[in-house]
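The values are calculated or read from the model by the stated rules, or taken from the named source; none is laboratory data. If you're wondering where the values come from, they're calculated on a predicted model, not measured in any experiment. Using ideal geometry, Cβ is built from the backbone for each residue, glycine included, and neighbour counts are taken over all protein chains shown. Only protein heavy atoms, including side chains, enter the accessible area calculation; ligands, DNA and RNA are left aside. Shrake-Rupley method; radii C 1.70, N 1.55, O 1.52, S 1.80 Å.
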Amino acid sequence: MTTPSPALAALSGAPLGRTHRKVLLVISAMFLFDLADLNTFAFAAPAIRATQRFSVQDVALVTALSFAGMAVGAVTGGRAADLLGRRLGMSAAVAVFSAASLLNAVVATPGAMATARALTGFGLGAMTAVAISYLSEVTPATHRGRFQAVALGVGLVGIPLVAFTARAITVSHPASWRWLFVAGALGFLLLPLVLRLPESPRWLLSRGRTTEAGAAVRRFVPDFRGDGQEQPAEALPAAAPKARFRDLFAPGQRRNSVVMMVVWVFALTGFYGFQSWVPTLLADRGQDFAQSMTMSAITTIGAVPGAFLAAPFIDRFSRKHLSVALGLIVAAVGIAYGLSTSTVAVMVFGVLVAALSQSYIAVLYSSTPEYFPTALRTAGSGLGNGAGRAANIVAPLVIAAVYTTPQLGYVGVFVFVAGAWLITALTVAFFGIDTRDRPLEDLHGRAAHGDPVRHDAPRPAATR
């Protein structure tokens, strides 16, 4: 039997303090740049097409390589942060996507733009995998979900921010699209803040750096008095071999890794399948261009409050049950959207899909790091995220094939999207684990080294 670490017990049960709020502020700012930068090309594309003569195929290439970069960045950046540290991983990711955004501002050809966007995607994918893991590791067990929801909600503000900025500066002067990418490079301003964050005590303990871990814990819990002899994270034996990437598929961990890959693939397929295709499908169904753009823009209003909507519930109810319920509801509302014919119904159901899907993403951000032990946490989070981003390269082709099939068409697309959400719900229902309020060490006592994951371990009394 392993002995619980006093440092990690203190970290899991700590009251919220100044350092927790500082972490939340910095991570939220990172997500603000992340989601703004992720969507910059989409809003700059009309001006780029007008000034640089990009074809539709050029835009598709740039978009596809952006997602490919995110997939590679999530996996490799996540693994690097398991080896080198969370703080260094986040700092490197911010530096990469900020520098690449600046590169976007000076290129002029489709190939160069695609390369720059792939590099941007690499940094964004790595940042997400590391940031959600770091936030999970340093936040008290009773607030892990709420912090993830708030950080995502703040980040989502970046989407309308870049959208309205693009409209303001490119409508009259299309060549000014370059300034959108210059603004993305302001992410460099975050680097001093990220570098001042304490390293994750859990990661430090997993590397045997006990003195540093004790000092890091005291930044979150000032009255903690450790003896300097803390055990490694998850109380693993000191002689245990270092976790390897392939241990994500070792007995005891394989199930969690596959579950997260499947959930990310189908959740992002359903999410982007709806968000990316709505303007085109509305226009092709008979709406004039202006009206279709207005209707699709209105649906995005639900995105920001959708993430914040999850905050009051995400730590109060089982994350497993929330995931299943939200997945089923989004699937049903998506079908209703596809069957709606009136303008009011389209907008109402569209707002609901946008809001509830973001609530789901908040739960997904919260639960993903909880499925993996410290030694593999960012690698596992990156694996799930990367699988989802890779699916985003293929999913548009599938949706296009569904839409152009006479027997399926417009309604068929939303049946396909609803099916993706249904698969996520069923996967979590049958194979997911309940992680709410449970210290991370309770979930992964020895999972990284081949022992069974405790899927049904009782949840301890919450420390509030």
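Here THR300 meets the list (1) open to solvent by 30 Å² or more (accessible area, probe 1.4 Å); (2) modelled with pLDDT of 85 or more almost entirely, failing just condition (2).
Kindly provide the set of residues from segment 322-342 that are hydroxyl-bearing (Ser, Thr, Tyr) and open to solvent by 50 Å² or more (accessible area, probe 1.4 Å), ordered by number. Residues satisfying the conditions are THR341, SER342.
Out of VAL346, VAL394, VAL324, I need the residue that is touching a Gly at 6+ places or on another chain (Cβ under 9 Å), among the β-branched types (Val, Ile, Thr) and in a helix (DSSP H, G or I). Which one?
Details: VAL346 fails: touching a Gly at 6+ places or on another chain (Cβ under 9 Å); VAL394 fails: touching a Gly at 6+ places or on another chain (Cβ under 9 Å).
Exactly one of VAL346, VAL394, VAL324 is touching a Gly at 6+ places or on another chain (Cβ under 9 Å), among the β-branched types (Val, Ile, Thr) and in a helix (DSSP H, G or I), namely VAL324.
From the list ILE361, ILE399, which one is open to solvent by less than 30 Å² (accessible area, probe 1.4 Å), assigned to a helix (DSSP H, G or I) and modelled with pLDDT under 80? Talk me through it step by step, then tell me what you get.
Values: ILE361 fails: modelled with pLDDT under 80.
Going through ILE361, ILE399 in turn, the sole match is ILE399.
Do you know which residues across segment 85-110 are assigned to a helix (DSSP H, G or I) and not aliphatic (A, V, I, L, M)? Those that are assigned to a helix (DSSP H, G or I) and not aliphatic (A, V, I, L, M): ARG86, ARG87, GLY89, SER91, PHE97, SER98, SER101, ASN104, PRO110. Scanning segment 1-56 for residues that are among the small types (Gly, Ala, Ser) and either within 20 Å of the chain's Cα centre (by Cα) or more than 29 Å from THR139 (Cβ to Cβ) (or both) yields a count of 9. Taken together, the residues in segment 65-102 that are free of Cβ contacts under 8 Å to residues at least 60 places away in the same chain, more than 24 Å from GLU199 (Cβ to Cβ) and open to solvent by 50 Å² or more (accessible area, probe 1.4 Å) amount to 1. Residues in segment 1-18 that are open to solvent by 30 Å² or more (accessible area, probe 1.4 Å) and in a helix (DSSP H, G or I): PRO6, ALA9, ARG18. For segment 100-115, the set of residues classified as more than 14 Å from LEU35 (Cβ to Cβ) and within 21 Å of the chain's Cα centre (by Cα) consists of ALA100 only.
Of the helices (runs of 4 or more DSSP H) lying entirely inside segment 111-219, none contains at least 1 residues that are in contact with a His (Cβ under 6 Å, 6 or more places away or on another chain), touching a residue at least 24 places away in the same chain (Cβ under 8 Å) and open to solvent by 40 Å² or more (accessible area, probe 1.4 Å).
Of the residues making up segment 306-317, none is surrounded by fewer than 16 Cβ atoms within 10 Å (Cβ to Cβ), modelled with pLDDT under 75 and more than 15 Å from ARG389 (Cα to Cα).
The set of residues in segment 402-430 being surrounded by 14 or more Cβ atoms within 10 Å (Cβ to Cβ) and aromatic (Phe, Trp, Tyr) consists of TYR403, TYR410, PHE414, PHE416, TRP421. Of the residues in segment 42-53, not one is free of Cβ contacts under 8 Å to residues at least 60 places away in the same chain, outside any loop (DSSP other than H, G, I, E, B), over 25 Å from LEU161 (Cβ atoms) and open to solvent by 50 Å² or more (accessible area, probe 1.4 Å).
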